[in-house]
There are 2 protein chains.
Amino acid sequence: MDLKDHIVEMAALSKLASKKLSYAETTTKNKALLMMSDAILNNKDYLISENERDIKLARENELSEAFIDRLTLTEKRINEMAQGLKDTAALPDPIGEVVKMWKRPNGLQIGQTRVPIGVIGMIYESRPNVTVDAAALCIKSGNAVILKGGKEALNSNLAITKIITDAAAKAGLPDGSIQLIDAGGREAVNILMRLNDYIDVIIPRGGGNLIRNVVQNSTVPVIQTGVGNCHVYVDKAADFKMAENIIVNAKVQRPSTCNAMETLLVHKDIAKDFLPIMCEKLASLHVEIRGCAKTSAIVKTVKIIPATEKDFATEFSDLILSVKVVDSIDEAIDHIFKYGTKHSEAIITNNYANSQKFLAEVDAAAVYVNASTRFTDGGQFGFGGEIGISTQKLHARGPMGLNELTTLKYIIYGNGQIRE
Amino acid sequence: MDLKDHIVEMAALSKLASKKLSYAETTTKNKALLMMSDAILNNKDYLISENERDIKLARENELSEAFIDRLTLTEKRINEMAQGLKDTAALPDPIGEVVKMWKRPNGLQIGQTRVPIGVIGMIYESRPNVTVDAAALCIKSGNAVILKGGKEALNSNLAITKIITDAAAKAGLPDGSIQLIDAGGREAVNILMRLNDYIDVIIPRGGGNLIRNVVQNSTVPVIQTGVGNCHVYVDKAADFKMAENIIVNAKVQRPSTCNAMETLLVHKDIAKDFLPIMCEKLASLHVEIRGCAKTSAIVKTVKIIPATEKDFATEFSDLILSVKVVDSIDEAIDHIFKYGTKHSEAIITNNYANSQKFLAEVDAAAVYVNASTRFTDGGQFGFGGEIGISTQKLHARGPMGLNELTTLKYIIYGNGQIRE
């Protein structure tokens, strides 16, 4: 069978499974998640030995240690995967909620009820834990899922998928609820994302190239995740100690994440007092600083590399920070409008009007007053899980939990109404 | 300037306008809508004379009378356009609503507030009233809009856009809030729908070819509107008189619309009693009936054309109806799953369990019990306006009113929280 026929066959099976999953009982879905969790724990040795085959190949192909670290399944990570399945079972089932209902003058009762999206295509890189996390959230929300992980994790993903699909079948979930594409690499992705008759949404998770390929070529609707060029603006009326704590947290705690800060904006009236202390603190934490001309003029005790236009547009994902002194909150908001990626933006201020202005005028998935941008995360928001962070505006914006894997359908109760 | 530069320049202006529009006062937006309404009424002669140029060209190009009818601006239609602007001004402003807010254990208050999507690209055919209706809903919901109507309505659309943009500017809306693409035809559409840096969503409205081109080629997210292959299922426990009224309404009242019925499904236990009367009634209203073998065997007083597989998959948009006798509600639901386009589906029954089963298991934008599918419409649902009916599952499903032209952003109130 050629690759396209193979993937169409899988997608058609997913669509059939999604029909039954859409009205599966909560107890059945939870039972499946708990049995999947047990099966993961009962097959640790098998998972680790299959994972070792991937690691061996990765070493032969001289992939980086950071890459191999993400690829590696340790006993601790396997336990976390199993726990994640249990945690997902414990979350409330989003399906069936009637979010509103109203009555029309003709007596029709019109309501909106939460239903699964249908079939979700997940395209991701070589982190095997994503296979389990994505499957868990999709099943709990009543969706069928087709997984396409990075080819370097193929043996690990095949082992994981075999274990969890066997458990899901034993629990009574329909055949095809969880499927892994096991061949075809990039070509398989290109086929999958044009199967509009079977797939309802594609969610790409990974680096810029992966996401760009999907956005540029998918005819199936896409939820875009990813890029975060996040700013912290320190207003004239800021508490310096609070600002320092938040900036250190937003830049240093985990600089590789999409919700880490990349540019610091400081009001001119406090720049002389605030910037030298702040830059010394950041330098002591090994942060490289790329500042505007005013920053360089103010800060003399720490090396300031002149910031270029490109620096302000860059998601460094590293211990590098752009710094700019601004004349006003309006200049800060304009800078964010020009360079931001609409992910997470923060103001540090004790001025009421400025806090409200920033919240109202900054266009981003998450806008903070006096808190670190690092909180943009499904777990931190209280969703109990996350399938990605959407940086687009349609359907889902910000961290995507179970609700974001659902859609609403109208249900209408009548007693014979016809349209005049 | 070449076409691409021209459209990019327009799109960049839209993006700037959208920033200001996103926090424009409700009073400013309403004032603009009312001034646009007055301006339309004050320029009737100009609108009619420009429209006559389009009609003359359409006649020279031998376009159909139905096409010319949709293109024509009568005094009545101009009054309706002006009234539509007034009605939109009277609707509540969706922007700024905080739809929920909760507190996390660390004291963070996390909320979701309704904000505009940003820049909306509307692509539609040669009905000049869409120009006004779309602009009104976009402005009220704080979005900038780029309009691309059918080339046959270009003079009408230029005249309308000139009148309403002048009025909008006088009312204080930012320059570029409403723009019309005045050149380039299909090529302009192809440029527009790949401007991801400026355009947030494309909404195509029109025939299958127009929508297919956008879905296949847009890299900007699309809200798909359109195709409706809608079913009415008459259950064993149906009230025959109610069923007859609803079926006549769903098929005959306006057969060209997407929420009209295309296939009638009838439970086998009542087919012998119900179908002959129903088919006679439909035939008396000039409906052509294409029935399954059982239908042909039962109905002898009316001509039944044998239904093909293709008939069940066709949106006739005309006085033609497919009819199928089914063994059970499950067969009806399976038939809808196989042939439906997930638009509007209805069951006629007085059986409680079957009504609930149909509502739960049928996957469509709108699922009805004992009412006509013709109600799937923003006005009928009480939205006060409609920019289209979404037949996809992401973001908006079913009739799209003002709320569907918005998105949610997270706003977070902290007092110095950092992530551990």
Practice prompt. Describe numerically, in nm with one decimal, the distance between label points set 7 Å from Cα along Cα→Cβ at B:N217 and at B:R104.
Written response: 4.4 nm
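Across every pair of different alpha-carbon atoms, what Kirkwood hydrodynamic radius in Å does the range B:31-78 reach? List each step's numbers first, then the result.
Values: mean 1/r = 0.0850 Å⁻¹.
Evaluated over the range B:31-78, this radius sits at 11.8 Å.
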Fill in: Shortest-first nm distances, B:T28 label point to equivalent points in other copies (7 Å, Cα→Cβ)
5.4
Item to complete: For helix B:26-42, report the angle its Cα long axis makes with the longest principal axis of the Cα atoms of chain B; keep it between 0 and 90° and round to the nearest 10°.
Response: 80 degrees
Response to the item:
Two pseudo-spin positions, 7 Å from Cα along C-beta at B:K162 and at A:A313, lie apart in nanometres by 3.8 nm
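What pairs in A:K15/B:K357; A:K4/B:K338; B:K236/B:K300; B:K151/B:K409; A:K76/A:K148; B:K19/B:K76 have C-alpha atoms more than 28 Å from each other? List each step's numbers first, then the result.
Numbers: A:K15/B:K357 19 Å; A:K4/B:K338 22 Å; B:K236/B:K300 21 Å; B:K151/B:K409 37 Å; A:K76/A:K148 24 Å; B:K19/B:K76 36 Å.
Violating the 28 Å Cα-Cα cut-off are B:K151/B:K409; B:K19/B:K76.
Rounded, prolate or oblate for the range B:138-221? Axes are the square roots of the Cα gyration tensor eigenvalues, ordered a ≥ b ≥ c, and the cut-off for rounded is a/c under 1.5. Kindly include the intermediate steps, with their values, before the conclusion.
Values: a/c = 2.26, a/b = 1.45, b/c = 1.56.
Judged from the Cα gyration tensor, the range B:138-221 comes out oblate (a/c at least 1.5, b/c at or above a/b).
What does the charge count near B:E187 come to, summing +1 for each Lys or Arg and -1 for each Asp or Glu among other residues with Cβ under 15 Å from its Cβ?
Working: positive: B:K4, B:K148, B:K151, B:R186, B:R194; negative: B:D2, B:D5, B:D182.
Cβ neighbours under 15 Å give a net charge of +2.
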Discussion item. So if I take the centroid of the Cα atoms in the range B:374-399 and the same for the range A:1-67, what is the distance between those two points in Å?
Written reply: 37 Å
Response to the item:
Ignoring ligands and nucleic acids, chains A and B bury, in total, an accessible area (1.4 Å probe) to the nearest 100 Å² of about 6400 Å²
Worksheet entry | Mean separation of Cα contacts under 8 Å (6+ apart) over length of the range B:272-420, as relative contact order % | 14 percent
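Taking 20 °C and 1.002 mPa s as the conditions, I'd like the Stokes-Einstein D for the protein assembly as shown in µm²/s, using the Kirkwood hydrodynamic radius from alpha carbon pairs.
Details: Rh = 28.9 Å.
It comes out at roughly 74 µm²/s.
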Worksheet item: Cα centroid distance between the range A:327-364 and the range B:108-136, in Å?
Response: 24 Å
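Could you give the C-alpha radius of gyration of chain B expressed as a fraction of 2.2 N^0.38 Å, taking N as the number of residues it contains? Walk me through the numbers on the way to the answer.
Values: Rg = 24.2 Å, N = 420, 2.2 N^0.38 = 21.8 Å.
After normalising by residue count via 2.2 N^0.38 Å, the value is 1.11.
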Discussion item. Against the empirical 2.2 N^0.38 Å scaling, what ratio does the C-alpha Rg of the range A:101-172 come to?
Written reply: 1.61
Item to complete: Divide by every residue of the protein assembly as shown the summed helix terms, -39500 (n - 2.57) for each DSSP H run of at least 4, and state the resulting mean residue ellipticity at 222 nm, rounded to the nearest 500 deg cm²/dmol.
Response: -14000 deg cm²/dmol
Discussion item. Give me P(r) over the range B:1-108, computed from all C-alpha to C-alpha distances, binned every 10 Å, as integer percentages.
Written reply: 11, 22, 27, 25, 8, 4, 2, 0
Item to complete: Report, in whole Å, the centroid distance computed from the Cα atoms of the range A:258-307 and the range A:183-205.
Response: 44 Å
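Averaged per residue, what accessible area in Å² does chain B show with a 1.4 Å probe, protein chains only? Don't jump to the answer; show the numbers that get you there.
On the way: 16400 Å² over 420 residues.
Dividing the accessible area of chain B by its residue count gives 39 Å².
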Discussion item. Taking all protein chains in place and a 1.4 Å probe, what share, in percent, of the accessible surface of the range B:315-420 do carbon and sulfur account for?
Written reply: 44 percent
Discussion item. What number results when the radius of gyration of the range B:230-380, computed over Cα atoms, is divided by 2.2 N^0.38 Å?
Written reply: 0.92
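The values are calculated or read from the model by the stated rules, or taken from the named source; none is laboratory data. In this text, all values refer to a predicted model and were calculated from it rather than measured experimentally. Every residue, glycine as well, gets a Cβ built from its backbone with ideal geometry; the counts of neighbours run over all protein chains shown. The area values use the complete protein model at the heavy-atom level, side chains included, leaving out ligands, DNA and RNA. Shrake-Rupley method; radii C 1.70, N 1.55, O 1.52, S 1.80 Å.
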